[in-house]
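Here the structure is laid out as structure tokens; the discussion comes afterwards.
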Amino acid sequence: MSGNKWIDKLAESIQKVADEKIEELVMQDIRDIEPQDIHETVSLINEILDRMNQHLSPDQIADVLYGCSCRYPYEKLLRVREAYALNQSIDDSITVLQEQSENSLREGMLFPSEIVDRILQMNWGVAGRREGNRIFVTKIPRSGNLRKYMTEQDPVKKRELYCHCSILDKAVEENLSIPVSYCLCGAGFYRYIWETILEKTVQVEVLETVCSGGNKCSFSIILPDSVV
């Protein structure tokens, strides 16, 4: 399971959110299991989520899985934070994130303009769009699959190409459904972004994910009233 890195990160996150006793209850014997295929991996994930439901509250589960997420580059977020500090504008912060995302696609990943323009038209990417106190974001398909995704016509294959999760990238292909709570890990990516920018606590809701049967991965960032 990706060298058990996710398992180690999960155990560490449980200890931070709860305590060592709860971590032992959830993770007992888990490190001794070595899944041989995606079916066994999904079974193990479901077992972990079941144990978490027994020993942690919904808010604690969210905090634990947020802590397992990948991280947007901190140096880039500092530039967004500086933009926010100038006039306390959420919209200006979104603009800077959008510029960073577009620059990464065009100059970093060297995607052709037709692909980048389509992504911008669909409002996909790290910046999202604001509606009141919420920012709605939809992940771009996994960058290594992006060119193929944009030309693929089969909706099932498009879902297979979309998923970012290195642990469960074969689950969609095998039509294996994962509880949507697992994708709070993906939600944590956006929580980290906006908590770093605002230096305040934000919440993130999972709206749709390919691992739970959707066609894309979408989230809603709930901003504190004090910044809107």
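The values are calculated or read from the model by the stated rules, or taken from the named source; none is laboratory data. Everything numeric here is computed off the predicted structure, so don't read it as measured data. Note that each Cβ is placed from the backbone with ideal geometry, even for glycine, and that neighbours are counted across all protein chains shown.
To keep it simple, each residue is scored yes or no on (1) crowded, with 18+ Cβ neighbours inside 10 Å; (2) in contact (Cβ under 8 Å) with a residue 24 or more places away in the chain.
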{"position": "Arg130", "(1), (2)": "no, yes"}
{"position": "Arg147", "(1), (2)": "no, yes"}
{"position": "Pro155", "(1), (2)": "no, yes"}
{"position": "Leu161", "(1), (2)": "yes, no"}
{"position": "Lys170", "(1), (2)": "no, yes"}
{"position": "Leu176", "(1), (2)": "no, yes"}
{"position": "Glu205", "(1), (2)": "no, no"}
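Scanning the stretch 28-49 for residues that are closer than 24 Å to Glu173 by Cβ and either assigned to a helix (DSSP H, G or I) or within 22 Å of the chain's Cα centre (by Cα) (or both) turns up Ile38, His39, Glu40, Thr41, Val42, Ser43, Leu44, Ile45, Asn46, Glu47, Ile48, Leu49. A search for C-beta distances below 6 Å between a residue of the stretch 50-70 that is of a type in the set (Lys, Arg) and any residue that is crowded, with 21+ Cβ neighbours inside 10 Å, counting only pairs 6+ apart in sequence or on different chains, returns Arg51/Val26.
Residue by residue, here is whether (1) in the same structural domain as Val206 (by TED's automatic domain parsing); (2) loosely packed, with under 15 Cβ neighbours inside 10 Å; (3) of a type in the set (S, T, N, Q); (4) closer than 18 Å to Tyr182 by Cα holds:
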| position | (1), (2), (3), (4) |
| --- | --- |
| Glu12 | no, yes, no, yes |
| Asp29 | no, yes, no, no |
| Leu44 | no, no, no, yes |
| Arg51 | no, no, no, yes |
| Asp59 | no, yes, no, yes |
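When Leu97 is tested against (1) outside any helix (DSSP H, G or I); (2) surrounded by 15 or more Cβ atoms within 10 Å (Cβ to Cβ); (3) touching a strand residue (DSSP E or B) at 6+ places or on another chain (Cβ under 7 Å), just one condition goes unmet, and that condition is (1). Looking across the stretch 1-22, just one residue is farther than 14 Å from Ile61 by Cα and in a loop (DSSP other than H, G, I, E, B), and that is Met1.
Residues are listed down the side, and each one gets a yes or a no for (1) closer than 26 Å to Leu44 by Cβ; (2) of a type outside the set (Val, Ile, Thr):
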| residue | (1), (2) |
| --- | --- |
| Asn123 | no, yes |
| Val126 | no, no |
| Arg147 | no, yes |
| Gln153 | no, yes |
| Tyr162 | yes, yes |
| Val172 | yes, no |
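Among the conditions (1) in contact with a helix residue (DSSP H, G or I) (Cβ under 6 Å, 6 or more places away or on another chain); (2) among the hydroxyl-bearing types (Ser, Thr, Tyr); (3) under 23 Å from Arg129 (Cα atoms), Ser212 misses just one, which is (3). Report, by residue number, each residue of the stretch 1-21 that is at pLDDT 90 or above and hydroxyl-bearing (Ser, Thr, Tyr). Selection gives Ser13 alone. One residue stands out among those in the stretch 100-112 that are under 19 Å from Asn145 (Cβ atoms) and of a type outside the set (Lys, Arg): the one that is surrounded by the fewest Cβ atoms within 10 Å (Cβ to Cβ), which is Leu110. Restricting attention to the stretch 185-201, the residues being at pLDDT 95 or above, of a type in the set (A, V, I, L, M, F, W, C) and within 15 Å of the chain's Cα centre (by Cα) number 4. Being assigned to a helix (DSSP H, G or I) and touching a Ser or Thr at 6+ places or on another chain (Cβ under 8 Å) holds for only one residue in Leu65, Leu86, Leu25, and it is Leu65.
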